[in-house]
Structures are given as C-alpha cells and as structure tokens.
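Data first, discussion second: the structure below is written as structure tokens.
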Amino acid sequence: MTIYDLKPKFQNLLRPIVQKLYDSNVTANQVTVTAMLLSIIVGTLLLLFPSPQLFILLPFILFIRMALNAIDGMLAREHDQKSDLGAILNEIGDVISDIALYLPFILLFPHDFWLILLILVLALFTEFIGVIAQAIGASRRYDGPIGKSDRAFVFGAIGLIVSIFPQWITSYWFTLIFIFLSLLLFYTCFNRIRRALIELNAKTDDHSY
C-alpha cells in the first residue's frame with residue numbers, strides 16, 4: 001500500500017478542475033511543463049537561500065506538483081491528449097522535479113550529504129526501472145514501498161518539521177530517517193524488477209496455451 005494507491009480518490013476531487021482546464025484549451029503537456037518549472041523555481045530558491053524557514057514551502061509545492069501530475073494524466077487519458085512527447089515530458093519532468101526539490105536538503109543537512117545523494121540516485125533508479133519494465137513488455141511499474149508520492153510526503157514532512165523546529169536539524173533522527181529511506185528505496189527498486197518479471201512470466205504462460 002502506497003500513497004499512489006489513493007490516486008483514484010484524489011483524481012475524483014480534481015475532475016472538475018480538469019474539465020475547466022480542458023474547456024479553457026489548456027493541454028496536458030502545458031500542465032506537465034508548468035509542474036516542472038514550478039519545481040525548478042522553488043528548488044533554485046532553496047539552493048540559493050537554504051534557510052530552514054523557507055523549507056515550509058515544500059509541503060505546499062509538493063502537493064501542488066502532485067495535483068498537477070494527476071491533472072496532466074487525466075487530461076491526456078480522458079480528453080484524448082495522449083502523445084509520445086507527453087510521455088517523454090512526463091518522465092523527464094518527474095526526474096528533474098525530484099532533483100530540483102530534494103537537492104537543497106544537502107545544504108540543510110551537510111552531515112548527511114552522501115545519504116541524501118544516495119536517496120536521489122535511488123529515486124532516479126526507481127523511475128528508470130519503472131520505465132524499463134514498460135520497454136520490455138510489462139506495464140509501467142509504480143510499486144512501492146517508496147514511490148514518487150511517498151517520497152514527496154516524506155520530504156514535505158521533513159521540510160515542515162525543520163521550518164518549525166530548525167534546532168532539530170542536527171538531530172541524529174534525521175540521519176536514521178535518511179538511512180531507512182535509502183533501504184526502502186533499495187527494496188522499491190528490487191520490488192519493481194520482481195513485479196515486472198512476474199508480469200512478463202504471466203504473459204508468457206498465457207501465450208503458451
């Protein structure tokens with residue numbers, strides 16, 4: 001169970017907004033690019049001014065980004081706006097947004113530099129594996145336990161905590177959280193590979209009859 005599993009309910013709440021955007025001739029690709037640019041702008045701001053108080057922006061920006069990601073998918077699927085360019089923008093946008101929004105944590109937690117860098121690399125691997133699964137004939141894998149939405153929740157919560165309690169930045173609890181998150185991301189990579197292979201084997205068995 002991941003936050004991604006709550007996506008259908010979240011989409012139902014967004015459907016009226018999606019309809020209004022469609023009626024205003026807003027395209028899925030425009031929403032995708034907007035989400036990426038918003039992430040880059042906020043990430044750059046946090047890199048230039050890594051004040052703990054500014055990290056209170058993260059929970060709100062990550063929520064808006066999650067909503068925009070859901071909206072662009074709904075516009076594409078429900079209003080016939082799917083395109084090869086859109087698929088590319090969607091994958092690239094997620095990777096760039098993750099880097100932009102999570103890289104500033106290196107300045108906030110310099111003592112956990114390598115752990116945060118490891119988390120970023122593993123986060124990229126999870127998305128890469130998800131796409132590779134699709135390329136070899138399985139579905140695009142979104143398996144957890146730490147998918148894109150879950151990472152957003154964790155980093156948004158950390159941003160909120162350090163903005164309210166900046167004196168906690170040196171706490172070893174954050175180091176433990178980053179270690180645990182790294183382990184979960186390792187397992188997420190393994191889980192996506194495993195689930196993709198199971199899916200492919202099931203398709204092979206079906207075709208053998």
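How many residues, within segment 140-152, are assigned to a loop (DSSP other than H, G, I, E, B) and within 13 Å of residue 128 (Cα to Cα)?
5
Inspect segment 12-28 for any residue being touching a helix residue (DSSP H, G or I) at 6+ places or on another chain (Cβ under 6 Å), open to solvent by less than 50 Å² (accessible area, probe 1.4 Å) and either at pLDDT below 90 or not in a helix (DSSP H, G or I) (or both) and give the result as yes or no. So far as segment 12-28 goes, yes, one or more of its residues are touching a helix residue (DSSP H, G or I) at 6+ places or on another chain (Cβ under 6 Å), open to solvent by less than 50 Å² (accessible area, probe 1.4 Å) and either at pLDDT below 90 or not in a helix (DSSP H, G or I) (or both). Being open to solvent by less than 30 Å² (accessible area, probe 1.4 Å) and within 16 Å of residue 178 (Cα to Cα) is a property that residue 71 lacks. Would you be able to say whether some residue in segment 173-187 is surrounded by fewer than 17 Cβ atoms within 10 Å (Cβ to Cβ), among the aliphatic types (A, V, I, L, M), in contact (Cβ under 8 Å) with a residue 40 or more places away in the chain and under 23 Å from residue 114 (Cα atoms)? Within segment 173-187, one or more residues are surrounded by fewer than 17 Cβ atoms within 10 Å (Cβ to Cβ), among the aliphatic types (A, V, I, L, M), in contact (Cβ under 8 Å) with a residue 40 or more places away in the chain and under 23 Å from residue 114 (Cα atoms).
Considering only segment 83-119, state which residues are open to solvent by 40 Å² or more (accessible area, probe 1.4 Å), touching a helix residue (DSSP H, G or I) at 6+ places or on another chain (Cβ under 6 Å) and farther than 22 Å from residue 149 by Cα. The answer is 113, and nothing else.
The values are calculated or read from the model by the stated rules, or taken from the named source; none is laboratory data. Since the structure is predicted, the reported quantities are computational estimates derived from the model, not experimental observations. Virtual Cβ from ideal backbone geometry, glycine too; neighbours counted across all protein chains shown. SASA here: full protein model, heavy atoms, side chains in, ligands and nucleic acids out. Shrake-Rupley method; radii C 1.70, N 1.55, O 1.52, S 1.80 Å.
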